[in-house]
Amino acid sequence: MAEAVRPASDADIEDAYRLAPMQSDMLVHSMSSPRSGAYVQHAICDLREPLEPSHLEGAWQTVIDRHPILRTTFRIERERRQEVHRRVDVPWAHLDWRELRSAEQETRFDAYLEADRRRELALERSPPMRLALLRLDDAHYRLLWTYHHALLDGRSVHVLLREVFDRYDAVASGRDLKLPVPPPYRSYIEWLERQDAPGAETFWRTALEGLGAPTRLPVERARSSAGKDDGWGIAELTLSRQSSDALQRFAGERRLTLNTLLLGAWAQLLSRYSGETDVVFDTTLALRGDRANELREVVGLCINTVPMRVRVEPETRLSEWLEGLRTQWLAMRPHAWLPLASIHRASGASPAERLGSSLVVFEHAPLDLLLHDDRKGWAARAFARRSTPSHPLTLACFGGPELLLKMAYDRSRYEASTIEPMLEHLESLLEGAIDAWDKPLREQPLLTPSERQRILIEWNDTARNFPSCGCVHELVAQQAALTPDALAVESTESCLTYRELDDRSNQLARHLAGREVADEALVGLCLPRTPELIVALLGILKAGAAYLPLDPGHPAERLQHILRDAAVSIVITNEELAQRLGGAPLQSVVLDADRREIARESIADSNHRVDPEQLAYVVYTSGSTGEPKGISVPHRALTNHTLALAERYAISASDRRLQFVSISADVLIADVFPVLISGGTVVLRPEGDLLSIADFLRFLEQRKITMMGIPSVYWHEWVEAIAAEEAVALPSSLRVVVSGMDSARPELLATWKKRYGKRVRWFNAYGPSETTCTATTYEADLSSDTELQIIPIGRPIANVRVHILDAHSRPVPMGVPGEICIGGRGVARGYRNRPDLTAESFVRDSFSDNPNDRLYRTGDLGRYRRDGNIEFLGRVDNQIKIRGYRVEPGEVEAALRRLPHVRDAVVVGHGAGNGRRKLIAYVVISGYPSAADDLRAQLRRALPDYIVPAAIVVLDALPRTRNGKVDYAALPPAELGAERTADGIVAPTNALERALVRLWQELLEIPQIGTRDHFFGVGGDSLLAVRMLNAVSRTYGIDVELAIFFADATIEGLAEALRTSPETEGVTTRRRALRRRALRA
């Protein structure tokens, strides 16, 4: 029997007994978030009939007198019980809105409903419910019933409303309504206490073994934008009657339920969105439906929420998988009564995290349909329910002639533009199951036909009919014939006109032919940054050979390794650099030594025909094994890239483009060829580093530079100099800046816009060397005030296609991360002399009708924005799992860079798995001596606890490669952990921490607690957390919300929350003084 706890002094109490676990969880949530509307429910009855309000009040009072749960109050802090009162008077409000127009009535009702939701329900003083009757017309009323969910579940609301209006109708017609005495809610509590708790705990421990963390949807808003649109949103989708009937028949034929189909569709959606094959979400079960008769008629909260763990194996057939899901559901039901807190403990998951971040609920029909099925004569009455969700994302499915999918979402975490497609994807999975019954899960349809059309076709409609002359050296020769005396190449030492460039490259091509350099022979090119470099590039291409650029500044050992690996037989260099190449090539053309011999060659074009599919160049990049690998690019790709960029940047004969980066980087082709085919001038940067941003800008002004492409890291330095007012004015000639080679920082783009406005076009360029340098570009809207969280990499250039795919090569929905895969004319041949790597990364393009087309799998993570632009999110292989969560280091890096005084940041993983993996952040700080703990405290306000780095290392600068990318191998090791006492407990460092330690020791009844011990790890639970925070509020006059405490449930975290909290309004002078004294300590 449930233990009765009757206060002898209170004659009003009829009964008292324990709380059901679900009630306890709901009440704790409500108390920890006052005025949030948590678990406040509304039943709305629209009554288009003449009404006698006194009869309606009488009917309600009779129903309240019959059902103990409607006369129940709750006590939480000490004995955790519910008390049934002998008599209660529920408050009524009567409002007359007849003078308002219909539209005004609805607007006012919505506002009234929202205000009512935020009004606290008195849990301890009177039953947490109230009633309001609004008169909208002479024969039109609206009844609003507000109640706390801890009182009632959905079935009980249906039963009670039916009984209320049955009694009203009986009184109105002079009839007597006799109903059997209902079983009290106590009987449900007694049933719970008879269950086999150890057996249920064993079941859940086994079911959840190895589950690390909730399934996190990657379509959540960035944390920095959270809070801008508070409240809850609702999105709905109604399946057609035809689809609903088909699903009903399909479920019946397969001996499944609609609930099983819904759970299966949601599990697949979570898996496809998150990339996980082991997903978990919460679901709510009714505990009376298939139980003994003693529970069938109980009115109260007879439900429980439990985690549903589902393994989504892509190769498993849908039929087999759904049958297994049904079996899993049936095996779970006998143990579904166990309190969620007990299930959580059995799972071994972190105490501060709920297992399910989404909730799925299936109801056989909406409230209105249920009541009208019961009472056919109630056509003038309409019924609806509204509630405040308990999860950030709640999916409810209502049966009936037309299935209704309803998604409630937290607006601070999700946008409507994300939720609406999610419902469409759910519809695709549900309807697609009928035709894909015997197909594997990986073939189940997710995208809608219109979305597939948009993503695969419309956003890849990049076809351009460029001139078919074939190769870039031919295009440059044509330009030389048009403008022979125009300046083509310029350095600080010398320059060449187009005629001189064409003539000298023709001579070099003939010289190479005389040296028996054959078609596609690979010619090494190791020269300083002078006009001779450009001559050599064109001469090699005109000879039908391919060039391999080598940076003279690289170590000799690396240069010699590349020459051997690429099997180069001849190299073009000068006398000084030839000695560094170590004799690896069999032949060499030493330009200064061979100058006279080359000058004797004819300046006429040899007209050597080069096929567009011939090799144009090989460029070496770092390999995942630590050894550089060569990428072979054909003329077809080089020509398309050249023409596409000339069009994208609107390059003309008046342009002067700065050649900035290392000559061994493939960006060289973007700096040189689009300008030369357009009649402009390539301006070579002087060797050696420019001393300062001011020197750099003066150089641009002196040389009249109109456009340039620079590494993002250098652009960052430029903008930081602007912010510090160290930079001189923007060069008057400059019209285009292209940032690339690494992620550009959005907060610096905001500074750039503020300083320079629309004076200069600004682009973000992206592209792996395997797809010919540039695959996508994004032009920033410099007139917009919108602040970007991530600067997109844009859309594909001409004749290039981009697909974002999951691990099974399926297109992912908009907003969902996937691997960036690139097709079209820019795709390279592959890796030189590495057929194994080529086959792995260059795959058949299944989205093309041409069987010879290939896709390059970049290994980069990206996602589509709603406008078709792509966001770069980092590397697939850089993803880190922390406490079971998949973490993108880029997300943490972006959060760090948004902090004041943090100039740059990089985040890496540290340690092995099995829960020991940690995040380490390396930051560069300017003008602020910030401690690592201070930065972590700031991060906790924007990021969940598991994603806050365990250590933050402050550096003067991030180590960089010569191309400006972060050199991860050069990052210094980080020391994890803090100083501890001999027994491993971190001692308090001030009076506030010491006071909090004493409070925890008393509350948790344990002798020793450290300031970094986790509250839940030392015996705390949600109810104890509420009691503890109430005690903190009484002592310091500050209300710390439960959610804030959960973010860092340690003494250190709580002390920081207290120190940074604004003083609560209305706190007495004595309490404010006490607070000031305590917090100063």
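The values are calculated or read from the model by the stated rules, or taken from the named source; none is laboratory data. Please read these numbers as outputs of a predicted model, since none were measured by experiment. Counting neighbours? That spans all protein chains shown, and the Cβs are built from the backbone with ideal geometry, glycine included.
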#### Entry: segment 997-1014, residues that are among the basic types (K, R) and exposed (fewer than 15 other Cβ atoms within 10 Å of the Cβ)
R998
### Task
Would you check if L581 is assigned by TED's automatic domain parsing to the domain that holds T483, touching an Asp or Glu at 6+ places or on another chain (Cβ under 9 Å) and not acidic (D, E)?
no
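Only one of V476, V523 is over 30 Å from S271 (Cβ atoms), within 46 Å of the chain's Cα centre (by Cα), assigned by TED's automatic domain parsing to the domain that holds Y547 and part of a helix (DSSP H, G or I). Can you tell me which? Explain how you work it out, then say what you get.
Working: V523 fails: part of a helix (DSSP H, G or I).
Exactly one of V476, V523 is over 30 Å from S271 (Cβ atoms), within 46 Å of the chain's Cα centre (by Cα), assigned by TED's automatic domain parsing to the domain that holds Y547 and part of a helix (DSSP H, G or I), namely V476.
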### Message
If L684 satisfies all but one of (1) crowded, with 19+ Cβ neighbours inside 10 Å; (2) touching a strand residue (DSSP E or B) at 6+ places or on another chain (Cβ under 6 Å); (3) more than 16 Å from D671 (Cβ to Cβ), what's the number of the condition it fails?
### Response
(3)
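Go through segment 815-847 and report how many residues are assigned to a loop (DSSP other than H, G, I, E, B) and farther than 19 Å from I870 by Cβ. It would help to see each step written out before you state the result.
Quick first cut of segment 815-847, residues assigned to a loop (DSSP other than H, G, I, E, B) only: 815-817, 825-829, 832-834, 845-847.
Subsequent filtering for residues that are farther than 19 Å from I870 by Cβ retains 828-829, 832-834, 846.
Of the residues in that region, 6 qualify.
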### Task
Being of a type outside the set (D, E), surrounded by fewer than 20 Cβ atoms within 10 Å (Cβ to Cβ), closer than 28 Å to A775 by Cα and not assigned by TED's automatic domain parsing to the domain that holds Y498 narrows it down to one of A729, A653, A724, A670, so name that one.
A653
### Where V181 falls short, out of the listed (1) of a type outside the set (F, W, Y); (2) over 46 Å from the mean Cα position of the chain (by Cα); (3) surrounded by 15 or more Cβ atoms within 10 Å (Cβ to Cβ)
(3)
### Conditions (1) in a strand (DSSP E or B); (2) crowded, with 22+ Cβ neighbours inside 10 Å; number of the one not met by A265
(1)
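Residues L330, L287: which one is buried (at least 20 other Cβ atoms within 10 Å of the Cβ) and either more than 32 Å from the chain's Cα centre (by Cα) or not assigned by TED's automatic domain parsing to the domain that holds T448 (or both)?
On the way: L330 fails: buried (at least 20 other Cβ atoms within 10 Å of the Cβ).
It is L287.
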### Summary
Inside segment 570-600, the number of residues satisfying the requirement of being out of contact with any Gly (no Cβ under 8 Å at 6 or more places or on another chain) and outside any helix (DSSP H, G or I) is 14
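Can we say A593 is over 18 Å from T530 (Cβ atoms), among the aliphatic types (A, V, I, L, M), touching a residue at least 12 places away in the same chain (Cβ under 8 Å) and assigned by TED's automatic domain parsing to the domain that holds V523? Full working, then the answer.
On the way: over 18 Å from T530 (Cβ atoms): no; among the aliphatic types (A, V, I, L, M): yes; touching a residue at least 12 places away in the same chain (Cβ under 8 Å): yes; assigned by TED's automatic domain parsing to the domain that holds V523: yes.
Considered against the rule, which asks whether it is over 18 Å from T530 (Cβ atoms), among the aliphatic types (A, V, I, L, M), touching a residue at least 12 places away in the same chain (Cβ under 8 Å) and assigned by TED's automatic domain parsing to the domain that holds V523, A593 comes out as no.
Condition first: part of a loop (DSSP other than H, G, I, E, B) and more than 42 Å from the chain's Cα centre (by Cα). Now tell me which residues in segment 80-99 satisfy that. Don't jump to the end; show me each part of the working.
Keep residues of segment 80-99 that are part of a loop (DSSP other than H, G, I, E, B), which gives 80, 86-91, 97-99.
Within segment 80-99, R86, R87, V88, D89, V90, P91, W97, R98, E99 meet the criteria.
Per-residue answers, yes or no, for (1) buried (at least 24 other Cβ atoms within 10 Å of the Cβ); (2) more than 14 Å from V472 (Cα to Cα):
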| residue | (1), (2) |
| --- | --- |
| G524 | yes, yes |
| P528 | no, yes |
| P531 | no, yes |
| G539 | yes, no |
| G553 | no, yes |
| A556 | no, yes |
| L563 | no, yes |
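Quick check, is L615 closer than 23 Å to S678 by Cα and modelled with pLDDT of 90 or more?
On the way: closer than 23 Å to S678 by Cα: no; modelled with pLDDT of 90 or more: yes.
It is false that L615 is closer than 23 Å to S678 by Cα and modelled with pLDDT of 90 or more.
Can you find even one residue in segment 47-58 that is out of contact with any Ser or Thr (no Cβ under 6 Å at 6 or more places or on another chain), closer than 22 Å to C302 by Cβ and assigned to a strand (DSSP E or B)? Steps first, please.
Residues of segment 47-58 that are out of contact with any Ser or Thr (no Cβ under 6 Å at 6 or more places or on another chain), as a first pass: 47-58.
Going one step further and asking which of them are closer than 22 Å to C302 by Cβ, we end up with none.
No, segment 47-58 contains no residue that is out of contact with any Ser or Thr (no Cβ under 6 Å at 6 or more places or on another chain), closer than 22 Å to C302 by Cβ and assigned to a strand (DSSP E or B).
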#### Entry: Only one of A567, A513, A556, A546 that is at positive phi and of a type in the set (A, V, I, L, M, F, W, C)
A567
### Task
Identify, from the list A509, A513, A518, A546, the residue that is surrounded by fewer than 19 Cβ atoms within 10 Å (Cβ to Cβ), under 25 Å from S606 (Cβ atoms) and in contact (Cβ under 8 Å) with a residue 60 or more places away in the chain.
A513
